[in-house]
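Input: a single structure, listed below in structure tokens.
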Amino acid sequence: MQFIPFLSKAVLCVAILATPAFLTAEETRTKLDTSAAEKLGWKLGVQTYSFNRFTFFEAIDKAASVGLKYAEAYPGQKIAPDIDGKIGPDMTDEQIRLVKKKLESAGVQLTAFGVTGLSKDEATSRKTFEWCKQMGIGVINTEVREDAFDTLEKLCAQYGIKIGLHNHPEPSYYWNPETVLKAVEGRGDWIGACADTGHWLRSGLNPIECLQKLEGRIVSFHFKDLNREGKGAHDVPWGQGVANVPGILAEMKRQGFQGPISIEYEHNWLESLPEIQQCVINFHGFASELK
């Protein structure tokens with residue numbers, strides 16, 4: 001695969017080394033300059049699936065410890081060690097109250113929910129939309145098929161929540177952006193793409209080319225950098241792999257993307273926080289270099 005050049009290897013190396021990799025988690029939270037990304041409307045958070053060996057409350061604490069103000073919840077994560085319930089539309093009113101309290105105390109806002117199932121049955125899908133509205137979530141990431149779109153567009157408009165069609169690797173239904181484009185053809189802005197950069201790499205696709213094809217249709221990101229392309233690849237801190245992170249960010253800026261960007265780190269599950277912290281540091285370092 002040939003990637004669109006953005007920075008030479010020498011410049012890229014300098015850019016990575018120039019980022020404050022020596023920061024502690026506390027310093028990342030309090031001292032890292034996030035203004036460039038914020039001006040672009042980028043809401044960098046974590047997909048709590050990155051911490052799926054932990055509870056949701058533990059995931060939120062980890063995210064907050066490295067300065068992340070946003071998170072994407074996934075369905076089925078245990079809420080807390082002492083709360084017998086799971087994240088999702090089946091939560092009780094009391095569980096919702098406790099989760100909201102936790103988020104407020106941690107200074108973290110939920111921006112997205114997924115990847116989750118939706119249905120063309122309005123009553124079934126409405127339950128998910130209603131819960132997302134209660135939680136302040138603006139994007140539902142899913143791999144629902146086209147036969148549900150009429151129902152979902154109606155609910156999107158009613159609740160003010162967008163749908164992101166997520167790409168797992170080939171042979172999943174939306175692995176190729178061409179399928180996403182065909183699916184949303186003739187539709188309004190409520191249904192778009194949840195761009196998973198790592199899964200594109202696992203499918204042998206160039207993330208920048210995929211973003212260019214989806215221009216105007218991207219509503220959210222599951223952002224990854226991988227050690228190599230193809231099956232069996234694993235996550236690495238952003239800028240240290242083959243994804244051309246600076247080039248991806250430049251393309252996002254060119255398109256005027258605004259919205260949630262979820263770090264989904266699927267490697268070193270029990271000890272990934274330092275690597276996720278490095279993703280945060282490198283992301284803001286690269287964002288500050290964008291012209």
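FYI, it's all coordinate maths here, none of it is from the lab. Note that the coordinates shown come from a computational prediction; the quantities given were computed from them, not determined experimentally. Every residue, glycine among them, receives a Cβ derived from its backbone with ideal geometry; neighbour counts consider all protein chains shown.
Worth pointing out:
- Condition check for Glu94 on (1) under 30 Å from Leu201 (Cα atoms); (2) assigned to a helix (DSSP H, G or I): one failure, at (1).
- The residue that is farthest from Val236 (Cα to Cα), among those in region 257-271 that are touching a Ser or Thr at 6+ places or on another chain (Cβ under 9 Å), surrounded by fewer than 21 Cβ atoms within 10 Å (Cβ to Cβ) and not acidic (Asp, Glu), is Gly259.
- Residue list for region 242-256, restricted to those being closer than 19 Å to Lys39 by Cβ and either without any contact (Cβ under 8 Å) to a residue 40 or more places away in the chain or surrounded by fewer than 22 Cβ atoms within 10 Å (Cβ to Cβ) (or both): Ala250, Glu251, Lys253, Arg254, Gln255, Gly256
- Under the condition of being closer than 18 Å to Val115 by Cβ and either under 18 Å from the mean Cα position of the chain (by Cα) or surrounded by fewer than 17 Cβ atoms within 10 Å (Cβ to Cβ) (or both), the residues counted in region 85-96 number 4.
- From the options Thr116, Thr124, Thr142, residue that is surrounded by fewer than 17 Cβ atoms within 10 Å (Cβ to Cβ) and either touching a strand residue (DSSP E or B) at 6+ places or on another chain (Cβ under 6 Å) or hydroxyl-bearing (Ser, Thr, Tyr) (or both): Thr124
Residues checked against (1) surrounded by fewer than 20 Cβ atoms within 10 Å (Cβ to Cβ); (2) in contact (Cβ under 8 Å) with a residue 60 or more places away in the chain; (3) of a type in the set (A, V, I, L, M); (4) more than 20 Å from Tyr265 (Cβ to Cβ):
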| residue | (1), (2), (3), (4) |
| --- | --- |
| Lys31 | yes, no, no, yes |
| Leu40 | yes, yes, yes, yes |
| Lys43 | no, yes, no, no |
| Tyr49 | no, yes, no, no |
| Thr55 | no, no, no, no |
| Ser65 | yes, yes, no, no |
| Leu68 | no, yes, yes, no |
| Tyr74 | no, no, no, no |
| Ile83 | yes, no, yes, yes |
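- Among residues of region 145-165, those that are out of contact with any strand residue (DSSP E or B) (no Cβ under 7 Å at 6 or more places or on another chain) and either within 21 Å of Glu178 (Cβ to Cβ) or of a type in the set (Asp, Glu) (or both), counted: 5
- Any pair with Cβ under 6 angstrom, 6 or more apart, that starts in region 169-187 at a residue that is within 21 Å of Ala233 (Cβ to Cβ) and without any contact (Cβ under 8 Å) to a residue 60 or more places away in the chain and ends at one that is in a helix (DSSP H, G or I) and among the small types (Gly, Ala, Ser): none
- Test: residue in region 269-282 that is part of a loop (DSSP other than H, G, I, E, B), touching a strand residue (DSSP E or B) at 6+ places or on another chain (Cβ under 7 Å) and either more than 18 Å from Asn206 (Cβ to Cβ) or in contact (Cβ under 8 Å) with a residue 40 or more places away in the chain (or both): no
- All conditions in (1) without any contact (Cβ under 8 Å) to a residue 40 or more places away in the chain; (2) touching a strand residue (DSSP E or B) at 6+ places or on another chain (Cβ under 6 Å) hold for His222, with the sole exception of (1).
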